[in-house]
Amino acid sequence: MGDPRAVAVFSVKVPRDERGPWLGMGAWRPWRQRSTSTKRLDWWLLNNEPHLRQDAFATINRFYRWERAQEYVVRLGATFVDIDCGRGAFDCSAEEAADVLGELVLAGRLVLPSMLQFSGRGLWAFWLLRDEEDPSTTPFANAENRELWTALQQVTADAIAREFPGLRLDRPAGDLARVTRLHGSVNPSAERRVHYELLPGPDGEPMRYSLAELADFYGVRRPARSRSRSESEEDRRDASLEAHRRLCDEREEGRQRRETARAGVHPRLSELGRQGHVKLWRNRLRFLERVRVEVHGGVIPCGRRNRMLTVYAYCYAKLTRDLSEIAEKVVTIGRTFCEQPAEDRMTDTELRGITKHALEWSKRGQITNRKLSVFAGLDPVADRERIEGLGLNLSTGPKGRNERTRTRRESAREIVQGALDRGEDPPSVRALAQALTDQGCATGRSTAHALLGEILAELRPGNGPDSVLE
């Protein structure tokens, strides 16, 4: 629930020397992610799961800027209380504190929480919020709702403290920009994993309350609403959200362009072009693997290893510009799959030289499929069928295109001539395109239209092509 344009701020506490997708340079490094939708948030959590296992936090409310500050709160997610447990010899446990809250609910002194969080050294209770007019979202953080939210935080803590003064309530924790631990993360202070428990309501789902319902339960007076001021404030926040969303989209596009450039793909390529580039070079790597296994028996011969490693490195250089990553792959292939006689072992210097040469080659020139097959130890003429059987198409470039064009025209002429010899009408454009495709010459309707016109002009000189192509 919540405005899909709003921001949830995540923070992860990690050692200074730990590698990871962190922002900032200190020991406390905030990781911030725009929550565009529930699906997007789930994706982010899934991809960052290894980094969210210890000291991982998320904000309870939503913001319209990256800064985690109270003035930027735009949506109110929940009211909550934080109870410190198990920190002293006479403190109650989190389970005992949960039983206390249950007794207060049964006695009618406390609203049923939506969920509980066992944080390792305490217990959090949350009352999830919904907007009074639009239950599908959370309350807008205008001035009146902020004032009411703050009052509810105070009165909820008072209700618990009045009945059980022995519970240690962390009252300063109840601010708008508060963060809380993520489910599944570990609290290192107690060496315990954080977990949440959902408390079902009458319909079996956790309850979501409007601010008005909570205020009526505790007898809190609602602030006087200034409709014009509220609407103007929401309009202002909406404009800020929209501007923020555009900025995020621009940043995301820039990030994708940079990642594309780092991956060895031209940044101006469309997404479809990028996919085609990646597919092309992965297919060539797959061809090299099949040559290694099916032609060389799994081990690259000593006399072929330099050229084979060079084209391996060239293909990897087309997928990434990270020199260390390419060098690592070349070393792995060289040490694992290349023949290494005692008198002629490959040195680290030789492997680095191969990597550097392939990277420079990939920047200044292109490798054709014919040259790729030569470097793999196959003859493009004598071994043509075998090469194409291993998945490498040699009918590329101007020569290959001319050959395919000639084959397609000869097949089209045979189809049209056969129909005329049988006394039938010439095939339609659609039928000709389908017949050529069935014969292995993939043909579109525009190409078939041009071929049919040319062939009929040759076979029936007196008839114009336009009259027979209808």
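The values are calculated or read from the model by the stated rules, or taken from the named source; none is laboratory data. Computed from a predicted structure; not experimentally measured. Glycine also receives a Cβ, built like all others from the backbone with ideal geometry; neighbour counts cover every protein chain displayed.
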Could you list, ordered by first residue, the pairs with Cβ atoms under 9 Å in which the first is in region 411-425 and under 13 Å from GLU458 (Cβ atoms) and the second is surrounded by 10 or more Cβ atoms within 10 Å (Cβ to Cβ) and among the β-branched types (Val, Ile, Thr), at least 6 apart or interchain? ALA412/THR443; ALA412/ILE455; ARG413/ILE455; VAL416/ILE455; GLN417/ILE455
List the strands (runs of 3 or more DSSP E) inside region 62-155, counting only whole elements, that have at least 2 residues being more than 16 Å from SER210 (Cβ to Cβ) and out of contact with any Leu (no Cβ under 6 Å at 6 or more places or on another chain). 78-84, 115-118, 122-129
Per the list (1) under 17 Å from SER185 (Cβ atoms); (2) modelled with pLDDT of 85 or more; (3) of a type in the set (Asp, Glu), residue check on GLU18 breaks on (2)
Can you spot a residue in region 317-330 that is more than 17 Å from ASN283 (Cα to Cα), at pLDDT 85 or above and touching a strand residue (DSSP E or B) at 6+ places or on another chain (Cβ under 6 Å)? no
So LEU309, is it buried (at least 18 other Cβ atoms within 10 Å of the Cβ), modelled with pLDDT of 90 or more and assigned by TED's automatic domain parsing to the domain that holds HIS277: yes
Going through (1) in contact with a Phe, Trp or Tyr (Cβ under 7 Å, 6 or more places away or on another chain); (2) part of a strand (DSSP E or B); (3) modelled with pLDDT of 65 or more one by one, ALA8 fails only at (1)
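Residue by residue, here is whether (1) crowded, with 16+ Cβ neighbours inside 10 Å; (2) modelled with pLDDT of 90 or more; (3) in a loop (DSSP other than H, G, I, E, B) holds:
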position	(1), (2), (3)
LEU359	yes, no, no
ASP379	no, no, yes
GLY400	no, no, no
THR407	no, no, no
THR437	no, no, no
Does GLY297 meet the test of being in a loop (DSSP other than H, G, I, E, B), in the same structural domain as LYS279 (by TED's automatic domain parsing) and modelled with pLDDT of 85 or more? yes
With criteria (1) surrounded by fewer than 22 Cβ atoms within 10 Å (Cβ to Cβ); (2) over 30 Å from ASP235 (Cα atoms), LEU123 comes up short on (1)
Selection from region 307-328 of residues under 19 Å from GLN275 (Cα atoms) and touching a Ser or Thr at 6+ places or on another chain (Cβ under 8 Å) yields TYR314, ALA317, LYS318
Here are some residues: ALA151, ALA190, ALA157. Which one is in the same structural domain as LEU104 (by TED's automatic domain parsing), modelled with pLDDT under 85 and more than 15 Å from ILE60 (Cα to Cα)? ALA190
Checked pairs for region 275-290, first in the same structural domain as PRO380 (by TED's automatic domain parsing) and in contact (Cβ under 8 Å) with a residue 60 or more places away in the chain, second assigned to a helix (DSSP H, G or I) and among the small types (Gly, Ala, Ser), C-beta under 9 Å and 6 or more apart or across chains, list as PHE287/SER373
